[in-house]
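K.L.:
Before we start, here is the structure in question, set down as structure tokens.
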Amino acid sequence: LYDNGSCIPLSDTLKGDIAEGTVVVTDFPGFNKQNAANRHCIREYGGRSFWVAFIDVDEFMVPDTSDDVKRVLENYEDFGGLCVNWKIFGSDGHLERPEGLQIGAFVRCMPNQHPWNQYVKTIARPSLIAKAQNAHYCEYVEGATCVNARRDAVRGPYIPCDPNAPLRLNHYYTRSKQ
């Protein structure tokens, strides 16, 4: 996990996970550092992982066909990456912060056809990334390609939203009006 100046440092919040070795926190302070952090991640940690995804704290990877993202990804191991559409959620009419978990309290979202839901994040194989363009799309080494859920080649950070895709990325663009 990359910490770009959290008020409460992630290394404090996740002490137990860090001690167990299940989480590595890299401090990466400064303004507009997301793309630099992504490149650093590939360079420093890419050899440790079969897959990498650059997702933000307001995004949740949600498998629709399984209870395990890893199980879904087994079907795409022959490719450089899998593009997963955003599903944009808003305030859901809440004026103040609701009780409970975010994913349960905010359930209304923009329709699949909305332009923002055409944007993707990529789950990529770091060994096949030639260049991380940004958090949404990578360029791959020759012979490797990124695909959508139907295994069609994707070249860029936009694809039509597939309501039957096995994964989606819930993006909580805003929360309560407060």
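The values are calculated or read from the model by the stated rules, or taken from the named source; none is laboratory data. Just so it is clear, the structure is predicted and the values come from calculations on it, not from any experiment. In this analysis, Cβ positions are derived from the backbone assuming ideal geometry, glycine residues included, and neighbour counts consider all displayed protein chains. Ligands, DNA and RNA are excluded from the accessible area calculation, which covers all protein heavy atoms including side chains. Shrake-Rupley method; radii C 1.70, N 1.55, O 1.52, S 1.80 Å.
K.L.:
Name the residue, out of 151, 155, that is at pLDDT 95 or above, open to solvent by 30 Å² or more (accessible area, probe 1.4 Å) and not hydrophobic (A, V, I, L, M, F, W, C).
P.N.:
151
K.L.:
Test residue 39 against the stated conditions and say whether it is open to solvent by 80 Å² or more (accessible area, probe 1.4 Å), among the basic types (Lys, Arg) and in contact (Cβ under 8 Å) with a residue 24 or more places away in the chain.
P.N.:
Working: open to solvent by 80 Å² or more (accessible area, probe 1.4 Å): yes; among the basic types (Lys, Arg): yes; in contact (Cβ under 8 Å) with a residue 24 or more places away in the chain: yes.
It is true that residue 39 is open to solvent by 80 Å² or more (accessible area, probe 1.4 Å), among the basic types (Lys, Arg) and in contact (Cβ under 8 Å) with a residue 24 or more places away in the chain.
K.L.:
Quick check on my filter: what residues within the range 1-43 are of a type in the set (Gly, Ala, Ser) and in contact with a Pro (Cβ under 7 Å, 6 or more places away or on another chain)?
P.N.:
5 - this is the single residue of the range 1-43 that is of a type in the set (Gly, Ala, Ser) and in contact with a Pro (Cβ under 7 Å, 6 or more places away or on another chain).
K.L.:
Please work out if residue 84 is part of a strand (DSSP E or B) and β-branched (Val, Ile, Thr). Full working, then the answer.
P.N.:
Values: part of a strand (DSSP E or B): yes; β-branched (Val, Ile, Thr): yes.
Answer is yes for this residue.
K.L.:
Any idea how many residues of the range 131-148 are among the charged types (D, E, K, R) and either open to solvent by less than 30 Å² (accessible area, probe 1.4 Å) or not in a strand (DSSP E or B) (or both)?
P.N.:
1
K.L.:
Let me ask something else. Within the range 167-178, track down each residue that is within 20 Å of residue 63 (Cβ to Cβ) and either of a type in the set (A, V, I, L, M) or in a loop (DSSP other than H, G, I, E, B) (or both).
P.N.:
167, 169
K.L.:
What number of residues within the range 1-31 are open to solvent by 70 Å² or more (accessible area, probe 1.4 Å) and over 30 Å from residue 79 (Cβ atoms)?
P.N.:
Of the residues in the range 1-31, 10 are open to solvent by 70 Å² or more (accessible area, probe 1.4 Å) and over 30 Å from residue 79 (Cβ atoms).
K.L.:
Of the conditions (1) open to solvent by 30 Å² or more (accessible area, probe 1.4 Å); (2) modelled with pLDDT of 95 or more; (3) at negative phi, residue 102 clears all except one; give me its number.
P.N.:
That leaves (2) as the condition not met.
K.L.:
Also, I was wondering about something else. What is the residue count in the range 87-96 for residues that are open to solvent by 10 Å² or more (accessible area, probe 1.4 Å) and not in a loop (DSSP other than H, G, I, E, B)?
P.N.:
Restricting attention to the range 87-96, the residues satisfying the condition of being open to solvent by 10 Å² or more (accessible area, probe 1.4 Å) are 87, 89-96.
Within this subset, residues satisfying the condition of being not in a loop (DSSP other than H, G, I, E, B) are 87, 89.
Residues in the range 87-96 being open to solvent by 10 Å² or more (accessible area, probe 1.4 Å) and not in a loop (DSSP other than H, G, I, E, B): 2 in total.
K.L.:
Picking from 141, 147, 84, 120, which residue would you name as being touching a residue at least 24 places away in the same chain (Cβ under 8 Å) and more than 16 Å from the chain's Cα centre (by Cα)?
P.N.:
141
Table: residues versus (1) modelled with pLDDT of 90 or more; (2) under 17 Å from residue 80 (Cα atoms); (3) aliphatic (A, V, I, L, M); (4) surrounded by 13 or more Cβ atoms within 10 Å (Cβ to Cβ).
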{"position": "109", "(1), (2), (3), (4)": "no, no, no, yes"}
{"position": "115", "(1), (2), (3), (4)": "yes, no, no, no"}
{"position": "124", "(1), (2), (3), (4)": "yes, yes, yes, yes"}
{"position": "129", "(1), (2), (3), (4)": "yes, yes, yes, yes"}
{"position": "159", "(1), (2), (3), (4)": "yes, yes, yes, yes"}
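K.L.:
Also, quick follow-up: If residue 164 satisfies every condition in (1) under 19 Å from residue 45 (Cβ atoms); (2) in a loop (DSSP other than H, G, I, E, B) but one, which is the exception?
P.N.:
Failing condition for residue 164: (1).
K.L.:
Let me ask something else about it. Just for the range 53-80: of the residues that are touching a helix residue (DSSP H, G or I) at 6+ places or on another chain (Cβ under 8 Å) and among the small types (Gly, Ala, Ser), which one is surrounded by the most Cβ atoms within 10 Å (Cβ to Cβ)?
P.N.:
Per the criteria, the residue is 80.
K.L.:
State yes or no: is residue 50 touching an Asp or Glu at 6+ places or on another chain (Cβ under 8 Å), open to solvent by 80 Å² or more (accessible area, probe 1.4 Å) and not β-branched (Val, Ile, Thr)?
P.N.:
Judged against the criteria, residue 50 is a match.
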